[in-house]
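Enquirer: This is the structure, below, for whatever I ask next.
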Amino acid sequence: MAVATRFGSSLPAPLRTPGARTALVFAVALALPFVGHNGGFTNFLADAGAFVLLALGLNIVVGFAGLLDLGYAAFFAIGSYAFALLASPQVNVHWAIWPQGGIHVPFWVLLFVASGIAAVFGILLGAPTLRLRGDYLAIVTLGFGEIVPQTFLNLSQWTGGPNGIGSLDQPTIGSYKFGFDPLPYYFMVLGLVALTVWLANNLRASRLGRAWMAIREDELAAAHMGINTTTTKLAAFAIGASFSGLAGCALASKLQLVSTEQFQFQVSVFILAMLVLGGMGNIPGVIVGSLVLSALERFILPQATNFLHGLGFASIDLSNSRFLIYGVILVMMMLFRPEGLIPSGQRKAELHAAEDDTTVAGHEQELYTEAIR
Amino acid sequence: MDVFLQQLINGLSLGGIYALIALGYTMVYGIIELINFAHGDVYTLGTFFSLAILTLLGVTGIVTGPALIVVVAVTILGAMILCGLTGVIVERLAYRRLRNAPKLAPLITAIGMSFILENLMLYWHGPSPIPFPAVIPNPAVGLGSVTIQAKQIMVIVLAVVLMVVLQVFVYNTKLGKAMRATAQDKDAAQLMGININTTIALTFLIGSALAGAAGFVSGVYYGSTWFLNGFAAGLKAFTAAVLGGIGNLAGAMLGGFLIGLTEAMTTQFISDQWSNVVVFSVLVLVLIFRPTGLLGESLPNKV
């Protein structure tokens with residue numbers, strides 16, 4: 001917080017309020033695809049935007065409520081498959097309203113339906129498991145993250161098994177079809193990011209958001225202050241899952257395909273690494289962390305590999321090392337900067353509280369040693 | 001019925017491997033309350049180390065006679081020592097600094113360590129499955145229509161022997177007593193003159209060494225391995241530890257055999273592709289309905 005304030009006061013007057021800075025960031029984001037770049041860059045922006053949505057959703061669960069969800073990709077999978085089944089020829093029905101066969105609910109309705117379905121599954125998983133201690137929750141979500149893609153893979157008569165579901169419906173506005181150009185998808189994702197940032201920001205300051213943070217700091221104390229910890233944690237799970245449903249719709253309609261490979265454990269850890277790098281619980285931090293890792297995957301590693309090949313290290317392919325890099329990020333950040341690169345002040349204080357405790361204990365120990373001499 | 005008995009044997013030998021891995025999870029959780037996600041990968045490293053040792057010894061196929069005993073003993077001990085050291089290094093580098101940090105921090109570090117180990121193994125042997133030499137001649141004992149292979153006997157015997165040694169160590173030696181004291185209350189143990197850093201390192205050494213032994217056994221049992229082998233196996237072994245009651249050594253053993261049986265029966269009577277789903281569903285169900293496990297005691301919430 002202190003950094004943000006100092007940073008803010010050095011800016012020109014119109015940019016000193018957070019609202020104005022957010023507006024500026026979105027104005028830049030709107031202009032980005034037109035700044036002399038090609039379709040590949042716009043394509044990257046649209047994908048990266050969808051991952052920002054996912055990171056913002058996981059941030060509600062891990063960052064705000066402090067619940068380690070290692071199977072977040074499962075909700076992403078559920079949202080995506082819900083969209084795919086309801087907007088493709090996949091389901092073998094022939095109803096009069098859709099003469100081409102299958103189910104074709106309009107995209108903008110499905111956006112809400114798919115995120116609703118993801119939220120329902122968040123509640124279904126959360127209801128029995130959220131009473132568990134934090135570390136058990138991590139392993140249950142990890143197990144859930146394994147079960148869901150495997151189930152989609154096994155139910156091949158409905159989900160196409162390893163082939164996934166293809167030829168999904170594209171969004172339309174009136175008579176305008178989104179088609180295969182990444183640009184309209186990028187603007188749609190940007191709109192969804194704006195919506196989720198607004199939602200997450202308001203939630204954080206709300207009664208619910210403050211309850212999440214109380215639970216994150218000390219669940220037992222929060223319960224004794226009269227917070228219903230189970231429903232509060234359920235709300236975090238459901239809202240976090242619903243964001244992944246939005247991302248699922250956006251990405252599935254853009255790629256025209258869902259398949260189980262998109263939802264492996266590695267994806268959950270990829271999104272977690274975005275949070276850890278940027279700063280758990282801090283919305284700007286999470287967005288920056290997400291964009292940095294997306295750029296790392298798409299541009300920096302291939303470029304660095306080319307550079308190394310140019311230097312004569314032909315056998316090195318850094319693109320294969322990206323999971324090693326995520327592992328190193330998780331370990332190094334937790335050891336040396338657990339609050340992330342762009343922390344929220346409150347989270348930073350919590351994560352360093354233990355260190356203060358040890359210094360106090362150490363100080364007392366010194367005093368005691370002196371006294372008995 | 002014959003099929004059932006045959007799967008009982010298969011399940012027990014599979015369970016022996018899970019039991020050995022589960023012991024490491026349960027020991028580490030018992031002493032520092034951390035789910036060591038990297039433990040499954042230490043187990044895979046055990047297979048990789050065994051393969052390296054066998055290559056050094058020039059073993060590429062079946063060994064017979066007295067040489068067999070030497071080869072097996074050298075490989076298992078080598079893999080146990082190397083894995084034990086890996087466990088100690090991981091604890092020293094990644095977990096020790098975070099011992100007093102909020103729970104989330106060491107859990108995330110453990111996930112990170114798991115990814116690091118997996119990718120180091122990816123560099124070592126590449127992304128494809130790697131063949132593992134058979135090492136042990138595999139005569140089968142026939143009991144009616146049920147056959148028991150030599151390697152199945154080896155898995156079960158080794159698991160039970162190591163378990164007994166561990167039980168004796170933990171309950172009848174001074175170091176074992178130090179481990180139990182540290183698990184109960186670190187601060188009090190320290191005041192009683194126990195070096196808790198050494199004791200926790202020792203726990204990682206023993207737990208990881210058992211995973212190393214399991215690594216060798218699984219190499220021989222399956223005849224191949226690959227760098228991601230430890231992910232699913234680790235999750236199943238953790239399920240076993242939870243099922244038996246986390247922190248409880250006998251429970252980990254029991255859980256391991258039960259999970260092995262569950263997997264074998266699912267593969268036989270439902271379908272191979274559902275076995276992971278069933279095992280992880282067991283994990284979810286146990287955690288919901290009996291989070292203390294079969295042999296565990298319930299823990300009060302610490303303030």
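The values are calculated or read from the model by the stated rules, or taken from the named source; none is laboratory data. Treat the numbers as computed from the prediction; the structure is a model and nothing was measured. With ideal geometry, Cβ positions are generated from the backbone for all residues, glycine too; neighbour counts draw on all protein chains shown.
Enquirer: I'd like to know if segment B:37-59 contains one or more residues that are of a type outside the set (Gly, Ala, Ser) and touching an Asp or Glu at 6+ places or on another chain (Cβ under 9 Å).
Expert: Taking segment B:37-59 first, the residues of a type outside the set (Gly, Ala, Ser) are B:37, B:39, B:41-45, B:47-49, B:51, B:53-57, B:59.
Subset that is touching an Asp or Glu at 6+ places or on another chain (Cβ under 9 Å): B:41, B:44.
Within segment B:37-59, one or more residues are of a type outside the set (Gly, Ala, Ser) and touching an Asp or Glu at 6+ places or on another chain (Cβ under 9 Å).
Enquirer: Please go through segment B:216-237 and give me each residue that is over 12 Å from the mean Cα position of the chain (by Cα) and either more than 14 Å from every other protein chain (Cβ to nearest Cβ) or buried (at least 24 other Cβ atoms within 10 Å of the Cβ) (or both), ordered by number.
Expert: Of everything in segment B:216-237, those that are over 12 Å from the mean Cα position of the chain (by Cα) and either more than 14 Å from every other protein chain (Cβ to nearest Cβ) or buried (at least 24 other Cβ atoms within 10 Å of the Cβ) (or both) turn out to be B:Gly219, B:Val220, B:Tyr221, B:Tyr222, B:Gly223, B:Ser224, B:Thr225, B:Trp226, B:Phe227, B:Asn229.
Enquirer: Please state which of the following conditions B:Val72 fails to meet, knowing it meets all the rest: (1) in contact (Cβ under 8 Å) with a residue 40 or more places away in the chain; (2) within 9 Å of another protein chain (Cβ to nearest Cβ).
Expert: Failed condition: (2).
Enquirer: Identify, by number, the condition in (1) within 21 Å of A:Phe243 (Cβ to Cβ); (2) more than 14 Å from every other protein chain (Cβ to nearest Cβ); (3) surrounded by 15 or more Cβ atoms within 10 Å (Cβ to Cβ) that A:Thr141 doesn't meet.
Expert: (2)
Enquirer: To continue, here is another question. Quick one: which residue in B:Ala213, B:Ala201 is farther than 30 Å from B:Asp2 by Cα, surrounded by fewer than 20 Cβ atoms within 10 Å (Cβ to Cβ) and either away from chain A (no Cβ under 14 Å) or in contact with a Leu (Cβ under 6 Å, 6 or more places away or on another chain) (or both)? Break it down into steps so the answer makes sense when it comes.
Expert: On the way: B:Ala213 fails: surrounded by fewer than 20 Cβ atoms within 10 Å (Cβ to Cβ).
From the options B:Ala213, B:Ala201, the qualifying one is B:Ala201.
Enquirer: Filter segment B:250-301 for residues that are buried (at least 20 other Cβ atoms within 10 Å of the Cβ), more than 12 Å from every other protein chain (Cβ to nearest Cβ) and aliphatic (A, V, I, L, M) and give the result.
Expert: Answer for segment B:250-301, where residues must be buried (at least 20 other Cβ atoms within 10 Å of the Cβ), more than 12 Å from every other protein chain (Cβ to nearest Cβ) and aliphatic (A, V, I, L, M): B:Ala252, B:Met253, B:Leu254, B:Leu258, B:Ile259, B:Ala264.
Enquirer: Also, quick follow-up: Sort out which residues of segment A:263-313 are of a type in the set (S, T, N, Q), in contact with a Gly (Cβ under 8 Å, 6 or more places away or on another chain) and assigned to a helix (DSSP H, G or I), and write them in order of number. Steps first, answer last, please.
Expert: Going residue by residue through segment A:263-313, those that are of a type in the set (S, T, N, Q) are A:264, A:266, A:268, A:282, A:290, A:294, A:303, A:305-306.
Now restrict to residues that are in contact with a Gly (Cβ under 8 Å, 6 or more places away or on another chain): A:268, A:282, A:290.
Of everything in segment A:263-313, those that are of a type in the set (S, T, N, Q), in contact with a Gly (Cβ under 8 Å, 6 or more places away or on another chain) and assigned to a helix (DSSP H, G or I) turn out to be A:Ser268, A:Ser290.
Listed here are the residues, each with its yes/no results for (1) under 16 Å from the mean Cα position of the chain (by Cα); (2) surrounded by fewer than 19 Cβ atoms within 10 Å (Cβ to Cβ); (3) modelled with pLDDT of 90 or more.
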site: A:Ala235; (1), (2), (3): no, no, yes
site: A:Ser242; (1), (2), (3): yes, no, yes
site: A:Ala247; (1), (2), (3): yes, no, yes
site: A:Phe299; (1), (2), (3): no, yes, no
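Enquirer: Please go through segment A:107-136 and pick out each residue that is over 22 Å from the mean Cα position of the chain (by Cα) and in contact (Cβ under 8 Å) with a residue 24 or more places away in the chain.
Expert: If the condition is that a residue be over 22 Å from the mean Cα position of the chain (by Cα) and in contact (Cβ under 8 Å) with a residue 24 or more places away in the chain, then A:Arg131 is the only one that fits.
Enquirer: Name the single residue that is farthest from the other protein chains (Cβ to nearest Cβ) among those in segment A:328-341 being surrounded by fewer than 21 Cβ atoms within 10 Å (Cβ to Cβ) and within 25 Å of A:Asp218 (Cβ to Cβ). First the steps, then the outcome.
Expert: First, the residues of segment A:328-341 that are surrounded by fewer than 21 Cβ atoms within 10 Å (Cβ to Cβ): A:328, A:332, A:335-337, A:341.
Right, trim to within 25 Å of A:Asp218 (Cβ to Cβ) and you get A:335-337.
Details: A:Leu335: 6, A:Phe336: 9, A:Arg337: 11 Å.
Of everything passing the filter in segment A:328-341, A:Arg337 is farthest from the other protein chains (Cβ to nearest Cβ).
Enquirer: Can you work out which of the residues in segment A:342-351 that are more than 20 Å from the chain's Cα centre (by Cα) and not polar (S, T, N, Q) is farthest from the other protein chains (Cβ to nearest Cβ)? Spell out the reasoning first.
Expert: As a first pass, look at segment A:342-351 and keep what is more than 20 Å from the chain's Cα centre (by Cα): A:345-346, A:348-351.
When the remaining residues are screened for being not polar (S, T, N, Q), the result is A:345, A:348-351.
Working: A:Gly345: 16, A:Lys348: 12, A:Ala349: 12, A:Glu350: 7, A:Leu351: 6 Å.
Ranking the candidates gives A:Gly345 first.
Enquirer: Let me ask another. Give the residue, chosen from B:Leu243, B:Leu210, B:Leu202, B:Leu261, that is free of Cβ contacts under 8 Å to residues at least 60 places away in the same chain and in contact with a Gly (Cβ under 6 Å, 6 or more places away or on another chain).
Expert: Just one listed residue meets the conditions, B:Leu243.
Enquirer: Moving on to the next point. Sort out which residues of segment B:82-113 are within 16 Å of A:Ala273 (Cβ to Cβ) and facing another protein chain (nearest Cβ under 7 Å), and write them in order of number.
Expert: Hits for segment B:82-113 are B:Ala94, B:Leu104, B:Ala105, B:Leu107, B:Ile108, B:Thr109, B:Ile111, B:Gly112, B:Met113.
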